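The values are calculated or read from the model by the stated rules, or taken from the named source; none is laboratory data. Keep in mind it's a predicted model, so treat the numbers as computed, not measured. FYI the Cβ positions are ideal-geometry reconstructions off the backbone, even for glycines, and counts take in every protein chain you see. Just so you know, the surface numbers come from the protein's heavy atoms only, side chains and all, with ligands and any DNA or RNA stripped out. Shrake-Rupley method; radii C 1.70, N 1.55, O 1.52, S 1.80 Å.
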Amino acid sequence: MPELDRVLGGGAVRGSLVLFGGAPGIGKSTLLLQICQQLCQTDSVLYVTGEESEKQIRMRADRLGITAERLYVLAETSADDILLAAEVSKPDILIVDSIQTMYSDDAASAAGSVAQVKACTMKFMRYGKETGCTVFLIGHVNKDGVIAGPKVLEHMVDCVLYFEGEKTMYYRILRAAKNRFGSTNEIGVFEMLEDGLHGISNPSALLLAERPVNAPGTCVTCVMEGSRPILAEVQGLAASASGNPRRTVNGFDYARANMMIAILDKRTAYKVSANDVFINVIGGLTIEDPGADLAMILCVASGMNGKPIPADLLAIGEVGLTGEIRSASHLDQRLKEAEKLGFKRCIVPRANMKKLRTDGKIELIPASNLFDALKCVFS
Ligand code: TYD
Ligand code: MG
């Protein structure tokens, strides 16, 4: 499955232990059941479930169109009994769904407690290292912390992947938090359909699909997610505050967004400090790339002055405290992606211009500071 392979850095290493974390209902069981179809072409898989009955797994597998022959399903929650079963069936791959439902007699506390989750993980880990069996663990991330989450296991396992996204949206992002065998900055994008998860090889088109045209308060940028450029829509709204101004930020680091709001207020004529400000990245994407700074500022400014940012224009650049626009990495790649999606113009950091290979058709508008950028967008 290319989107999963990408996040794992090419695939899973034999004998390694990979932890799949995510909120309940996000699609972890679906993903792991789906990959059995491919895995079973060369390997045998033991899928252990502590959450569902064997019959339920069968029904889901049928719905997902899984016809694998060497896929064995076991409904069991005792880690010791699971390993006994594994010693008999000798699977190449062991899937445990979920680690929070497992218990071992080694620990006295209830299943799902930190001690149990750790003790069971140790057992599966040891089994994997001794036999060369690859182990995939599913771990629920829960907000109230009643059961121990995958965080307590991060230091023990080889790879940790998190499934993110809004449950109500149909697409999901898989991100590596730790990978002993590869980089951790690649993401995989999937959509959840009737027949399971499907990889999305062009997430930009999806993220921009519902973008409003000629509406103030929205700006497109291109961020790097690992080696892949992804276009994202950023929206901003400034409303007059009643009482203390509040900031609501979705998809950006809160402190960084506050910094951008302060820069806009201090370095330009947009007096935003007394307003409530809302900033949102469309599609549940979380952006860490500072190259999105400029888009964040422009969309708030556009929301304030009521002038839409042209639909065929995007903005890339990191913004410093003096209002200067600093160079962005991989600009060539970002511009290529924008061009592919039909963008005609891009505001780019002037500092990038020297090294840029401008063979593309997209028109470049170099800007050294916010003043330049605001002028060319709004006048
Ligand atoms: P699931 O894999 O059970 O989540 P997790 O194991 O992370 O708790 O997936 C849960 C949701 O996905 C469930 O609400 C139904 C939905 N879903 C689909 O939309 N299509 C499908 O083909 C499948 C199997 C599930
Ligand atoms: Mg599940």
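A few points about this structure:
- Shape call, region 237-285: gyration tensor on alpha carbons, a/c limit 1.5: oblate
- Cα gyration tensor, region 279-342 - rounded (a/c under 1.5), prolate or oblate: rounded
- Taking a sphere under 13 Å around the Cβ of Val7 and counting the other residues whose Cβ falls inside, with K and R at +1 and D and E at -1, yields a net charge of 0.
- Candidates per trypsin sites (Lys or Arg not before Pro) in region 159-249, loop by DSSP, up to 15 other Cβ within 10 Å: Lys167, Arg180, Arg246
- Hz values of 3J(HN,Hα) by residue in region 171-179 - Karplus curve (6.51, -1.76, 1.60), Gly and Pro given as x: 10, 9, 10, 9, 10, 8, 9, 8, 8
- Nonpolar atom fraction for region 95-185, defined as the carbon and sulfur part of the 1.4 Å probe accessible area, stands at 56 percent.
- Alpha-carbon spread of region 249-379, three principal axes, descending order, Å: 44, 30, 25
- Under the criterion of Cα pairs below 8 Å and six or more residues apart, the relative contact order for region 51-208 equals 15 percent.
- Straight-line reach from Lys355: taking Cα to Cα under 23 Å and skipping same-chain neighbours fewer than 8 places apart, the lysines in range are Lys336, Lys340, Lys344.
- Across region 68-76, computed HN-Hα scalar couplings (Karplus, 6.51 cos²θ - 1.76 cosθ + 1.60, θ = phi - 60°) run 3, 8, 9, 9, 10, 10, 9, 8, 7 Hz from first to last residue, x flagging Gly and Pro.
- Contact order for the chain, expressed relative to its length and based on alpha carbon pairs under 8 Å spaced 6+ residues apart, stands at 14 percent.
- Trypsin sites (Lys or Arg not before Pro) restricted to region 124-165 and DSSP loop, no more than 13 other C-beta within 10 Å: Lys143
- Cross-link table Lys307/Lys375; Lys28/Lys151; Lys55/Lys143, entries beyond 18 Å C-alpha to C-alpha: Lys55/Lys143
- In terms of overall dimensions, region 55-133 has a Cα radius of gyration and Dmax of 13.7, 40 angstrom.
- For region 190-241, GluC sites (Glu not before Pro) meeting the loop criterion (DSSP other than H, G, I, E, B) and having at most 16 other Cβ atoms within 10 Å: Glu194, Glu210.
- The P(r) of the chain has a tail past 37 Å containing 33 percent of all C-alpha pairs.
- Per residue, the solvent-accessible area of the chain (1.4 Å probe, heavy atoms of protein chains only, all protein chains present) comes to 45 Å².
- Residues in region 12-17 carry Karplus couplings, in order, of 8, 7, 4, x, 8, 10 Hz; the curve used is 6.51 cos²θ - 1.76 cosθ + 1.60 with θ = phi - 60°, and Gly or Pro positions show x.
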